[in-house]
Amino acid sequence: MQLLHNINHIKLKVSGFKRIISFLGLAFGLFVFSFGVSSLLGFPSKQQPDHLINKDTTTLASQSKCKNKTIPSIIFNVDSLKETESRTWFAESEYSDNLVSPSETQLPKSYCKTFTVPSIINATKNCNQVFKMKDFVFGMATTPKRLERVLPAVSHWLAPRTNESPNNSATLLVLHNILLAENGDEAKSEARIRNTSTQKRMNISFQYTNINRYEQRVVFLIQSLWKLSLPAKWYIIQDDDTFWITRDSILDLVASYSEDPMARNIFIGANTESRAQKSHFGNIAYGGGGIVLSHKLVELLNQDGVLENCFEKFKTRFGGDDIITQCIKLAANLNVMYDNRLHQCDFHNTRESIEFFQSGAPISTLHHWNGGGPAERGFTLFPESQGLPFHANPLESILLLGEAAAAIGHQNFARRLVLEGGKVVVSLGYSVVVYEAGFVELSGFERVFNKVVYYLYRVECSEGGTVSMLYRNGDREVVVVGWVYNATEFC
């Protein structure tokens, strides 16, 4: 989802001990943050994980103006003439007089200030005019049963939108062992996937191979993708639990590179967040974040004997992504270009993943969301202590984040807004944090304990273009982050 951000306003309200933040963002309108009682905004208490709900949010929108001075408010005007690449925006004191000191624990009820903030730069304002989804072919070495378990997550980024032409569809190739062809459960999973693909207009193809070793199947995906003979410009090799945060994040990522994929060898990949992984495996393209190859490079790798000779040379290495990295370096004298929007997510625990989402990092892909990585038991996207059952369900959690990113635009997802000298920190689409004495560490991850954290638990949409993201803490206090957009600005 591409959103042009021009005139935006943010409004923050704080009232009593119950905190509700309302955040309304207009492509040509306004953002609102408000703290109050959720029932005042007409939102019932609801826990079932139906994240995207059509709802009339005019009540929320009507409270977006700073007329009632009995609730403290902060309004941010986003200036489209002052664009920035910064993922973290700080409400500096020069924007307005008499900012509340970070040492104060409450804002006065009459507080209402306006600040000007720079809009975030869009890498491709004409997002679907540079590349289209039909220019992409994706490859996975997995089984039908595994793919079926994560199919809703795959559908999030692979399935065309309802108003999108069926001719603008990417292709996903699933390569698995021929021995599975006679497995009844695998055959049933494949049949169900094909049925879902038809319903959602997804192009998913299955191929069988007699290659037993997983690393070898990953490497020779490059051959299988090429043999499809599709007019693709980009080839992406990834895991079945690689999650693209939106469809447009795929287009935006490759459009930010000026090289022609039909004429240049291009090799884009993800680094690891783990020092131990980095020390052990070195500078490779970590496949869980996605390995993006240009048409020209895939053509080179499919010349007679290139992959066969390369695999023979590096077959003792662990991991298909490692072998692919070495093959490309050998055949094309090319090292991986790390893109900081692709994430391997080698987190050791849930705390590390929370700190990642609250760091302001740009996000196109997420990996290991279904468990795995260096942690023995994997990690969860949200802390289970919040009392929301579906937060412990990785599929429900990743779809929730995807819905939020689609609602506010992938460039804004996880963007960090630091307010009131660090007393309030908003990670868009993930959390709202209120500090007792201010956010101390502004240059990296959060490591402060005197705070209240509200995590995303619901996304609501109205037909008029208003998106409301509801956040909740462990005490069932609610924060509402609403976003109103002009639908005509979407590609």
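Which pairs do you get when a residue that is within 18 Å of residue 300 (Cα to Cα), found in the stretch 311-330, comes within reach of a residue that is part of a loop (DSSP other than H, G, I, E, B) and among the polar types (S, T, N, Q), reach meaning Cβ atoms under 9 angstrom, with the pair 6+ apart or on two chains?
325/283; 325/335; 328/265; 328/335; 329/335
When you scan the stretch 199-206, do you find a residue that is open to solvent by less than 60 Å² (accessible area, probe 1.4 Å) and basic (Lys, Arg), even just one? If you could, list the steps in order and put the result at the bottom.
Filtering the stretch 199-206 down to residues open to solvent by less than 60 Å² (accessible area, probe 1.4 Å) leaves 202, 204-206.
Remaining after also requiring basic (Lys, Arg): none.
No: the stretch 199-206 contains no residue that is open to solvent by less than 60 Å² (accessible area, probe 1.4 Å) and basic (Lys, Arg).
Would you check if residue 195 is surrounded by fewer than 16 Cβ atoms within 10 Å (Cβ to Cβ) and of a type outside the set (A, V, I, L, M)?
Against the criterion (surrounded by fewer than 16 Cβ atoms within 10 Å (Cβ to Cβ) and of a type outside the set (A, V, I, L, M)), residue 195 qualifies.
Quick check on my filter: what residues within the stretch 375-426 are free of Cβ contacts under 8 Å to residues at least 40 places away in the same chain, open to solvent by less than 20 Å² (accessible area, probe 1.4 Å) and over 14 Å from the mean Cα position of the chain (by Cα)?
Passing the criteria: 375, 378, 379.
Looking only at helices (runs of 4 or more DSSP H) that lie completely in the stretch 246-363, which have at least 1 residues being surrounded by fewer than 19 Cβ atoms within 10 Å (Cβ to Cβ) and among the aliphatic types (A, V, I, L, M)?
Ranges flagged: 247-255, 275-281, 295-301, 306-314, 320-332.
May I ask you to list pairs of residues, at least six apart or on different chains, whose Cβ atoms are under 6 Å apart, with the first in the stretch 191-213 being touching a residue at least 60 places away in the same chain (Cβ under 8 Å) and polar (S, T, N, Q) and the second being in a strand (DSSP E or B) and open to solvent by 100 Å² or more (accessible area, probe 1.4 Å)?
Once the first residue is touching a residue at least 60 places away in the same chain (Cβ under 8 Å) and polar (S, T, N, Q) and sits in the stretch 191-213, no partner that is in a strand (DSSP E or B) and open to solvent by 100 Å² or more (accessible area, probe 1.4 Å) comes close enough.
Check whether at least one residue in the stretch 266-277 is more than 24 Å from residue 245 (Cβ to Cβ) and among the acidic types (Asp, Glu), and report yes or no.
The answer is no, given that none of the residues of the stretch 266-277 is more than 24 Å from residue 245 (Cβ to Cβ) and among the acidic types (Asp, Glu).
Can you tell me which of (1) open to solvent by 10 Å² or more (accessible area, probe 1.4 Å); (2) at pLDDT 90 or above is the one residue 443 doesn't meet?
With respect to (1) open to solvent by 10 Å² or more (accessible area, probe 1.4 Å); (2) at pLDDT 90 or above, residue 443 is out only on (2).
The values are calculated or read from the model by the stated rules, or taken from the named source; none is laboratory data. Just so you know, these numbers come straight off a predicted model, no measurement behind them. For neighbour counting, all protein chains shown are included, and Cβ atoms are generated from backbone atoms with ideal geometry for every residue, glycine included. Ligands, DNA and RNA are stripped out before the accessible areas are found, and what is left, the full protein with its side chains, is counted by its heavy atoms. Shrake-Rupley method; radii C 1.70, N 1.55, O 1.52, S 1.80 Å.
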